[in-house]
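Colleague: Have a look at this one.
The values are calculated or read from the model by the stated rules, or taken from the named source; none is laboratory data. Fair warning: this is a prediction, and the values are worked out from it, not measured in the lab. Neighbour counts run over all protein chains shown; Cβ positions are idealised from the backbone, glycine included.
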Amino acid sequence: MRHDQIERLQDLAEQVAEVFLEEADPQNWTGAGYMLADMDKDMRGGRYWDKKNAIQTGSLLARVLDLRDRDSRSADTKTPEDDAEQEINRFEKQAKEMVNAVIARATSKG
């Protein structure tokens with residue numbers, strides 16, 4: 001991903017985070033300050049919708065942050081040393097398998 005796109009995702013994440021913080025605050029939900037037993041059907045429905053909306057905004061925020069961080073995670077986790085180490089381990093494993101196969105053939109013939 002291009003650097004300008006990552007910056008735009010960061011800006012978007014900050015905007016969505018502000019909305020999420022407002023929507024997730026129970027004081028901003030329909031019926032704030034009322035006991036559940038004192039709420040009518042419309043008020044309970046509005047409260048339910050407020051919570052679902054906050055959850056969806058939180059999911060959107062998580063997705064935006066995931067997209068923003070995707071390239072940096074893959075770039076940070078792979079180094080040339082890691083690649084070399086993986087290749088060495090793969091060749092060592094192949095060599096051990098070959099040695100074991102030769103030993104197995106030699107002992108089965110004898």
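Colleague: Given the conditions (1) in a helix (DSSP H, G or I); (2) among the small types (Gly, Ala, Ser); (3) exposed (fewer than 13 other Cβ atoms within 10 Å of the Cβ), and given that Ala17 satisfies all but one, which numbered condition is not satisfied?
Modeller: (3)
Colleague: Restricting attention to segment 20-60, and to residues there that are hydrophobic (A, V, I, L, M, F, W, C) and touching a Lys or Arg at 6+ places or on another chain (Cβ under 9 Å), which single residue is surrounded by the fewest Cβ atoms within 10 Å (Cβ to Cβ)? Talk me through it step by step, then tell me what you get.
Modeller: The first filter runs over segment 20-60 and keeps only residues hydrophobic (A, V, I, L, M, F, W, C), leaving 20-21, 24, 29, 32, 35-37, 39, 43, 49, 54-55, 60.
This time we only want the ones that are touching a Lys or Arg at 6+ places or on another chain (Cβ under 9 Å), so: 24, 29, 32, 36, 39.
Details: Ala24: 16, Trp29: 19, Ala32: 11, Leu36: 9, Met39: 15.
Going through the qualifying residues, I end up with Leu36.
Colleague: I would also like to ask the following. Within segment 40-48, is there a residue that is at pLDDT 80 or above, over 32 Å from the mean Cα position of the chain (by Cα) and not in a helix (DSSP H, G or I)?
Modeller: Looking for residues that are at pLDDT 80 or above, over 32 Å from the mean Cα position of the chain (by Cα) and not in a helix (DSSP H, G or I), one finds at least one in segment 40-48, hence yes.
Colleague: When the residues of segment 55-89 are filtered to those that are among the basic types (Lys, Arg) and modelled with pLDDT of 80 or more, which remaining residue is farthest from Ile6 (Cα to Cα)? Even if it seems obvious, please write down each step before you answer.
Modeller: The first filter runs over segment 55-89 and keeps only residues among the basic types (Lys, Arg), leaving 63, 68, 70, 73, 78.
So of that shortlist, the ones also modelled with pLDDT of 80 or more come out as 63, 68, 70.
Values: Arg63: 13, Arg68: 6, Arg70: 10 Å.
Filtering first and then ranking leaves Arg63.
Colleague: Still on this structure, please answer the following. Step by step: first the residues of segment 1-27, then only those that are of a type in the set (S, T, N, Q) and within 28 Å of the chain's Cα centre (by Cα), then the one that is farthest from Asp71 (Cα to Cα). Which residue is that? Talk me through it step by step, then tell me what you get.
Modeller: Within segment 1-27, the first condition is being of a type in the set (S, T, N, Q), and the residues that meet it are 5, 10, 15, 27.
Now narrow it down to the ones that are within 28 Å of the chain's Cα centre (by Cα): 5, 10, 15.
On the way: Gln5: 11, Gln10: 13, Gln15: 21 Å.
The selected residue is Gln15.
Colleague: Ok, one more. Suppose we filter segment 22-44 for residues that are free of Cβ contacts under 8 Å to residues at least 24 places away in the same chain and touching a Ser or Thr at 6+ places or on another chain (Cβ under 8 Å); how many remain?
Modeller: Qualifying residue count for the region: 1.
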